[in-house]
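Beneath this line is the structure, given in structure tokens, with notes to follow.
The values are calculated or read from the model by the stated rules, or taken from the named source; none is laboratory data. Small disclaimer: the values here were computed from a predicted structure and weren't measured. Neighbour counts run over all protein chains shown; Cβ positions are idealised from the backbone, glycine included.
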């Protein structure tokens, strides 16, 4: 990139987010290659992805991936779980900050009705709640800002999808 282009970009991108976006391929590779404990989804009949904003966009992507299977998938971008959630449901909560009120509410509701849960965040109240209640939690690095951390979260979650112990009901066409 020539120096005049950089100065033009920096004129509009005063926080220099472009530098993080330029690193997305490396962030994606590192996130996917990081060792992660496998999610066991034996007997899971329903998966709910919950998140707001960019975390909600991650839920949309996961919905697209799982739509190729016969498993029932829901997306929640709010405070309430679907009434179909039960102990054979995996609830996946996503919050970059770990402090999103709606997502924390979904996590608590899922735990209360004994759903299986896994949370992805950079920490916050969600990490504390998961650790206190011995729920599955994956800490994902944040880069610059939630928006700039999209690749880190996406590829960490894709790694989990790739390594799932997929003996769930209706998952024959998956992975």
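Observations on the model:
Okay, residues lined up against (1) surrounded by fewer than 21 Cβ atoms within 10 Å (Cβ to Cβ); (2) more than 14 Å from residue 152 (Cα to Cα); (3) in contact (Cβ under 8 Å) with a residue 60 or more places away in the chain; (4) under 15 Å from the mean Cα position of the chain (by Cα):
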residue: 20; (1), (2), (3), (4): yes, no, yes, no
residue: 23; (1), (2), (3), (4): yes, no, yes, no
residue: 26; (1), (2), (3), (4): yes, no, no, no
residue: 31; (1), (2), (3), (4): no, no, yes, yes
residue: 36; (1), (2), (3), (4): yes, no, yes, yes
residue: 40; (1), (2), (3), (4): yes, yes, yes, no
residue: 49; (1), (2), (3), (4): no, yes, no, yes
residue: 53; (1), (2), (3), (4): yes, yes, yes, yes
residue: 58; (1), (2), (3), (4): no, no, yes, yes
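- Residue within region 3-16 that is surrounded by 10 or more Cβ atoms within 10 Å (Cβ to Cβ) and under 30 Å from residue 72 (Cα atoms) present: no
The rows are residues; the columns are (1) under 21 Å from residue 123 (Cα atoms); (2) in a loop (DSSP other than H, G, I, E, B).
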residue: 5; (1), (2): no, no
residue: 10; (1), (2): no, no
residue: 25; (1), (2): no, no
residue: 32; (1), (2): yes, no
residue: 54; (1), (2): yes, no
residue: 58; (1), (2): yes, no
residue: 74; (1), (2): no, no
residue: 78; (1), (2): yes, yes
residue: 93; (1), (2): yes, no
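- Residue count, region 60-74 (criterion: within 21 Å of residue 140 (Cα to Cα) and crowded, with 18+ Cβ neighbours inside 10 Å): 1
- Each residue in region 142-175 was checked for being at pLDDT 85 or above and part of a loop (DSSP other than H, G, I, E, B), and 2 pass.
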